[in-house]
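The values are calculated or read from the model by the stated rules, or taken from the named source; none is laboratory data. Because the structure is a prediction, the values reported are computed rather than measured. Here the Cβ positions follow ideal geometry from the backbone for every residue, glycine too, while neighbour counts run over all protein chains shown. Surface areas here come from the heavy atoms of the whole protein model, side chains and all, with no ligands, DNA or RNA. Shrake-Rupley method; radii C 1.70, N 1.55, O 1.52, S 1.80 Å.
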Amino acid sequence: MNIIDGKKVSSFLKEKISIEVNQRKNEGKKIPHLAAILVGNDGGSETYVAAKVKACAEVGFDSTLIRLPESISEKELLLKINELNNNAEIDGFIVQLPLPKHISEQKVIESILPEKDVDGFHPTNVGRMALNLPTYLPATPFGIVKLLEEYKIETSGKHCVVIGRSHIVGSPISILLARASYPGNCTVTLCHSKTKDLKEFTTKADIIISAIGKPHFITADMIKQGAVVIDVGITRVSSTETKSGFKLAGDVKYDEVAPKCSFITPVPGGVGPMTIASLLQNTLLAAKESIYKKNSKVICA
Ligand code: NAD
């Protein structure tokens, strides 16, 4: 059994990015600049955005954090987005989700200029991903693809079962792994909450990607011997072992599943750290040139 070390791979990727930023500095080129809009004071969102800003500093990017009150109207938020769309200093930006209920997330996502949509959530970028055109891949699926690549995991002809069909993880990773490229060429089955007899699918899977958000849901009896298991789930569960009173749990019952796997990602330290590294990678790409002018097949730098 091999543990896929997302912390190590993400550090390596960040190191590569910072070398490139230094080179750009020395050549007098623009330093990549990521902006993040944070609406309200949601604890989880605060943590995620703080980690993104910190990661920018680590690799030498400029970053701008725009904090807006929970009470901001949709119209005011769209105006702020428009400002960033037109600000040549900002290469890419994100609007941290979730948003307050009175604001339409879809409207917000669609108001971001696709060229600056480094989260890869805009319908234009999702469509380009599906068509295998240069685009910004959504950060978490991008991170998963990177991990498979780094560990040289064979994907061609493999049966991959993706569990969860969210727009940010399950659906895009199912598209990416079905594409005619590496990592890809999988036969993909996309399972979700309405799937009947999930185990029937998972026990036949060579690769399982679980993105449901139910701690320890995937048990050893659901896994084929030698399977690759990628655990995307992150759920806070209460714990007496930590000062904070909680710890992070994945979808997979790690202790019993790991011995059956050929490769497995831990939680924490698996997919999580890759998500931020992928966002940085997309921002670097945005600063370098317009992806829409590139001829290369897939942006998977
Ligand atoms: P979501 O919460 O939007 O949706 C969950 C999905 O799981 C749905 O598509 C649903 O159909 C499916 N599902 C629920 N119960 C199921 C069941 N019993 N059987 C089969 N399918 C079932 O999904 P999300 O936003 O992709 O998040 C999923 C998990 O991944 C969460 O724990 C989230 O915190 C985590 N996540 C982690 C990262 C990371 O960087 N590692 C990034 C994004 C999300």
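Applying the selection to segment 220-235, what residues are open to solvent by 30 Å² or more (accessible area, probe 1.4 Å) and more than 9 Å from the ligand (Cβ to nearest atom)? Correct list: Asp221, Lys224, Gln225, Gly226. For segment 265-281, the count of residues that are part of a strand (DSSP E or B) and either within 28 Å of Phe93 (Cα to Cα) or in the same structural domain as Ile163 (by TED's automatic domain parsing) (or both) is zero. Tell me, yes or no, whether segment 156-171 has at least one residue that is within 12 Å of the ligand (Cβ to nearest atom), surrounded by fewer than 23 Cβ atoms within 10 Å (Cβ to Cβ) and of a type in the set (A, V, I, L, M, F, W, C). Yes, segment 156-171 contains at least one residue that is within 12 Å of the ligand (Cβ to nearest atom), surrounded by fewer than 23 Cβ atoms within 10 Å (Cβ to Cβ) and of a type in the set (A, V, I, L, M, F, W, C). Say we look at segment 128-147 and pick out the residues that are open to solvent by 30 Å² or more (accessible area, probe 1.4 Å) and farther than 14 Å from Leu177 by Cα; which of these is modelled with the highest pLDDT? Here the answer is Arg128. Looking only at segment 172-184, which residues are farther than 20 Å from Gly233 by Cα and open to solvent by 10 Å² or more (accessible area, probe 1.4 Å)? Scanning segment 172-184 gives Ala178, Arg179, Ala180, Ser181, Tyr182.
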